[in-house]
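Reading through the structure tokens given below for one structure.
The numbers here are math on the coordinates, done by the rules we state, and not lab data. Owing to the predicted nature of the structure, the values given are computational and were not obtained by experimental measurement. Reconstructed Cβ throughout: ideal geometry from the backbone, glycine too, with neighbour counts over all protein chains shown.
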There are 2 protein chains.
Amino acid sequence: MTFELTKDYLDHIQTAIEAGDDALLRAEMEELFPADISGILYELEPEPAHYLLSLLDKSVGAEILANLDPTDRTNLLKRFTSAELAPFINQMDSDDAVDLLNQQPIQVREEVIGLLEDREQARFILDLLHYEDGVAGSLMQKELIKINVNLTVNACIEEIRQQAEAVENVYAVYVVDDVGKLLGLVSLKKIVLARKTAKIADIYDDDVVFVETYRPVAEVAEVMQRYDLDAIPVVNVQQRLLGRITIDDVVDVITNQAEEDIQVISGLSGEVEEDDSVWQRSKVQLPWLVAGAVGSLMAATVINGFQNELGKIAALAAFIPIIGSTGGNVGIQTSSLILQSLTDTSGLSTTLGRRLLRTLLVAIINGLVVGIIAGIYTFIIGEPRLFFVVATSLLAVVLLASFMGTITPLLLNRIGINPAVASGPFITTANDLIGIGVYFLIAQWLLTEV
Amino acid sequence: MTFELTKDYLDHIQTAIEAGDDALLRAEMEELFPADISGILYELEPEPAHYLLSLLDKSVGAEILANLDPTDRTNLLKRFTSAELAPFINQMDSDDAVDLLNQQPIQVREEVIGLLEDREQARFILDLLHYEDGVAGSLMQKELIKINVNLTVNACIEEIRQQAEAVENVYAVYVVDDVGKLLGLVSLKKIVLARKTAKIADIYDDDVVFVETYRPVAEVAEVMQRYDLDAIPVVNVQQRLLGRITIDDVVDVITNQAEEDIQVISGLSGEVEEDDSVWQRSKVQLPWLVAGAVGSLMAATVINGFQNELGKIAALAAFIPIIGSTGGNVGIQTSSLILQSLTDTSGLSTTLGRRLLRTLLVAIINGLVVGIIAGIYTFIIGEPRLFFVVATSLLAVVLLASFMGTITPLLLNRIGINPAVASGPFITTANDLIGIGVYFLIAQWLLTEV
């Protein structure tokens, strides 16, 4: 169905690169889609990758560079002079060009823009450079077909013809008034079917969903998904049409967000891949491991403070794992549910009070079940006097962890931190620590009472 | 920018429903996009929701029903007779119609198919019903524009005109030979720009990426994302064109997969939302809490077996949390990295040996750092004789958890279970248990040696 990279094929290409067999390489690459050539570039060292890329048709090379993994791309581009890079940037969609240039040193960025043959492209890029990461403007491309509402379908087709090379996927033609304000759109299908002399004013659809440049990217993704859009026009505060965001970029946003969430939940403190260097991986894993260790050592201090109780009843130590893990598990479950509800913006939003009440009820059921199971276990190991200590502690731990799991992601979200952090090792360790404190306090209290 | 549902507006609609003010309701709903009406339906009880839906234009209602959350939809559809449901199904894309009907009792399904006015739609649905969930066939819709390679652009436009209502987003026209084998495609943009008398054979693009009906959905998503496709044609083993999959369905697949992964990692044993009932939530949270509790009680049994050692050195208990949490954290980090590498299929795949070697090296660094930190802590609490016990145990625990974190997701993936399970509470508890066993064994060994 699709191309699959094999070791043999890779060897074949590598040999051709070493031999400088440009004709063979060009012929082989012609057979492949840009995305497949990317797969080969990932496996090559920067120098041969540079060589291979420089042989390609500029528009193919532009598509490859636009979609390469940013870290690999930065390494690869170190081999390129600004004069070598410019022809690729010339052929790129403006949004991809800006992404790439933003990862280059300022000097390279300015040199490349200066060297662009296509001056419209240079203007597009300068327009887009000032949007900060994470807002609609940063995902937008300037390439689109727009047409004045007073023109005809024929004029529209002429416009498409002129822009045909620049605008890869048309989807729809945007309709604007004399000052460039967005009025609506005409689907490409409608243009195919319309009489050529028909007025745009008579056939366009004024039910158009758009976003402003300053909207957060997550909101753009949510809106495009909710309304099943292939592209969404981007406007300024006067509702003038500035660009559009296409679905492929949004798919990337959704995928990256999901990867980032899982990374954060897994306690990885930065972007990393399994095949990165050992140091790189360790650097990303250690911060949370150390933070977790410090948290656990605080729990150790708590436990040490109750040596007296432990000396009298050694079996108390046996319940440390269940207290810790139950607190952690409940915290993750609860915050994950809140996390999910935060991304769902259809319907009315839930009040904090209702959330907490429901969470409390769930926690009582769960806490009782787990508490009773652990309570039964105290009989099994012949320490029935621990029944109430263990059962009560677990109920308390589940209640506390549920509360923390509800409040923390909401709070993080409010102050603009990725709420997925609340499912990560930090909160888990905090729950662990609090749980153990509660357990020993209850133990001390109930066992001296008796 | 977009509609936002307020309490006031909802009250207004509810009052109109109670008063049976159909004219007002129709006028209000006309102003809204289908996705926004869905938001209102979520907030209504089934009976008024049924009432509101029955007032809508059938094609609008079809789009709403196609995109409603499946659980809410099933509840709502219980109010519908088959005769009421059929007109909506008539207007739906065939893939959405099949999804909906698959969730209905067989009797309803057959009645509705029998009642469909559009007999082509009925045939489409019967064609699609037999694909099992999770393969390309189950995401495919029959609606598409296809044209014989020997015809002209003019004939193609005529075909689009005839299919205009059925095929919402055209994207491209698929080109087939006399027996229906897929040859390539022509983009809609090319059709707009081509001379009407041009032969399809002269203008079509034979570089077409397609999938077979039996391909897993995750693979389809990966391919569409890799090649930035808006739609992908689906063929049978003879490469005959059967249908297509559009990007909006794939976006849903990607989002659902990410949600499912996070759910599994968070230890939720089924689909649930924060605003589901208390019982529903508890039912989904309890299985893993109980499993975790049982695992921790096994750890308790291990600890209890070392009462002798604990009796002599009470401070041993203090390190139970750090052993457990470090094992858990390392396991999650490692399996999350493997998980991520499994979804990335560009480039060559890594061999198990290389993976394990790299993981081993990372684990040694991480294990030494965490081990030494905890080791220093033994001096702080005045138990220096525990230095080697704690440091060695932590190194061992990190090594073991890294190994488990690498092997488990690969193994789960091989046997067709969602490898995200490996980051969930099950593996965490297993690591916890093994870690504590290792810790006490090392303690027993090193402390009797001294």
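With just the Cα atoms defining each centre, how far is segment A:299-324 from segment B:293-314? Give it in Å. The two parts, judged by their Cα centres, are 11 Å apart. In chain A, the convex hull through the Cα atoms has an average projected area of 29.7 nm², a quarter of its surface area. Principal axis extents of the C-alpha atoms in segment A:278-449 (largest first, rounded to whole Å): 54, 45, 23. Computed from label points 7 Å out along Cα-Cβ, the spacing between residue A:26 and residue B:32 is 6.0 nm.
With label points set 7 Å from Cα along Cα→Cβ, the inter-copy distances at residue A:15 are 8.2 nm, sorted shortest first.
Convex hull volume per residue, computed on the Cα atoms of segment B:86-164, equals 98 Å³.
What you get for segment A:146-252, charging only the Cβ of Lys and Arg (+1) and of Asp and Glu (-1), is a dipole of about 460 debye around the Cα centre.
For A:415, A:372, A:320, the sequence from fewest to most other C-beta atoms within 10 Å is A:415, A:372, A:320.
Counting alpha carbon pairs within less than 8 Å and at least 6 residues apart, what relative contact order, in whole percent, applies to chain B? Show your work: numbers first, answer last.
On the way: 557 pairs, mean separation 47.6, N = 450.
Contact order relative to length: 11 percent.
Inter-label distance, residue A:356 to residue A:177: 4.9 nm, where each label sits 7 Å from its Cα along the C-beta direction.
Between residue A:214 and residue A:45, how high is the FRET efficiency from 1/(1 + (r/R0)^6) when r is the Cβ-Cβ distance and R₀ = 30 Å? Nearest 0.05. Calculated value: 0.10. Database remark: amide H of residue A:212 closer than 5 angstrom to the amide H of A:235 (H placed geometrically; neighbours at sequence offset of 5 or more, or on other chains; Pro and chain starts carry no H).
For segment B:76-138, relative contact order (Cα pairs under 8 Å, six or more residues apart, normalised by length) works out to 37 percent. Think of chain A as a dipole: +1 on every Lys or Arg Cβ, -1 on every Asp or Glu Cβ, centred on the Cα centre; then among A:446, A:103, A:128, A:446 lies furthest on the positive end.
Computed on the Cα atoms alone, the convex hull of the protein assembly as shown gives a volume of 184 cubic angstrom per residue. For the protein assembly as shown, a crude dipole built from +1 on the beta carbon of Lys and Arg and -1 on the beta carbon of Asp and Glu, taken about the Cα centre, is about 2820 debye to the nearest 20. Between residue A:147 and A:174, A:175, A:176, the built amide H atoms are under 5 Å apart, and every one of these is 5 or more places off in sequence or on another chain. The C-alpha radius of gyration of segment A:216-284, expressed as a fraction of 2.2 N^0.38 Å, stands at 1.51. Label-to-label distance for residue A:117 and residue B:313 is 7.5 nm, based on points extended 7 Å past Cα in the beta-carbon direction. Divide by every residue of chain B the summed helix terms, -39500 (n - 2.57) for each DSSP H run of at least 4, and state the resulting mean residue ellipticity at 222 nm, rounded to the nearest 500 deg cm²/dmol. The per-residue figure over chain B is -21000 deg cm²/dmol.
How high is the FRET efficiency between residue B:271 and residue B:197 when r is their beta carbon distance and R₀ equals 51 Å, given to the nearest 0.05? Before the final figure, lay out each step's value.
Details: r = 54 Å, r/R0 = 1.06.
In this case the efficiency is close to 0.40.
Each of A:172, A:155, A:184 was placed along the dipole of segment A:146-252 (beta-carbon charges, centred on the mean Cα), and the one lying farthest toward the positive end is A:155.
Mind checking the dipole of chain A: about its Cα centre, +1 per Lys or Arg Cβ, -1 per Asp or Glu Cβ, Debye to the nearest 20? Please report the intermediate quantities before stating the final value.
On the way: 30 positive and 62 negative charges, 544 e Å.
Computed about the Cα centre, the dipole is about 2620 debye.
Scanning chain B for long hydrophobic helices, with DSSP H runs required to stretch 24 angstrom or more by C-alpha along their axis and to average at least 0.5 on the Kyte-Doolittle scale, returns B:278-305, B:320-343, B:352-380, B:387-414, B:425-449.
With all projection directions averaged, the alpha carbon convex hull of segment B:91-233 covers 9.0 nm².
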